[in-house]
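What follows is one structure encoded as structure tokens, with my remarks underneath.
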């Protein structure tokens with residue numbers, strides 16, 4: 001498979017299966033929260049803001065939107081009841097898993 005055909009295929013999947021990621025920033029926020037969750041260290045909102053993905057206000061608004069749409073879940077922090085931990089919803093983890101499969105298959109096709 002050629003490079004731009006592969007990139008086109010990836011974008012098609014993103015538009016069809018990941019419409020909840022409305023911007024690159026949404027994608028970045030979800031990736032950071034998912035990665036932290038994956039390694040067993042879920043992030044708080046403050047920790048997401050400290051990643052400097054964009055301005056604090058923009059990240060706060062995008063995060064609120066992701067929570068309102070059910071993509072990101074908040075759960076009480078057992079160690080510090082003043083904060084909540086951010087996680088990705090199970091249904092969205094499943095969709096992102098499919099996306100990972102498409103990326104892997106596409107990468108394998110263009111590098112072979």
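Where a number appears in this text, it was derived from the coordinates with a stated rule and is not lab data. What you see is a predicted model; the values in this text were computed from it and never measured.
Seen against the Cα atoms of the chain and their longest principal axis, helix 56-68 is set at about 80 degrees. Dividing the summed -39500 (n - 2.57) terms of all DSSP H runs of n ≥ 4 by the residue count of the chain sets its mean residue ellipticity at 222 nm at -20000 deg cm²/dmol. Three principal axis extents of the stretch 3-111 based on alpha-carbon atoms, in descending order, are 48, 26, 22 Å.
Against the chain, whose longest principal axis is taken from its Cα atoms, helix 3-17 shows a tilt of about 50°.
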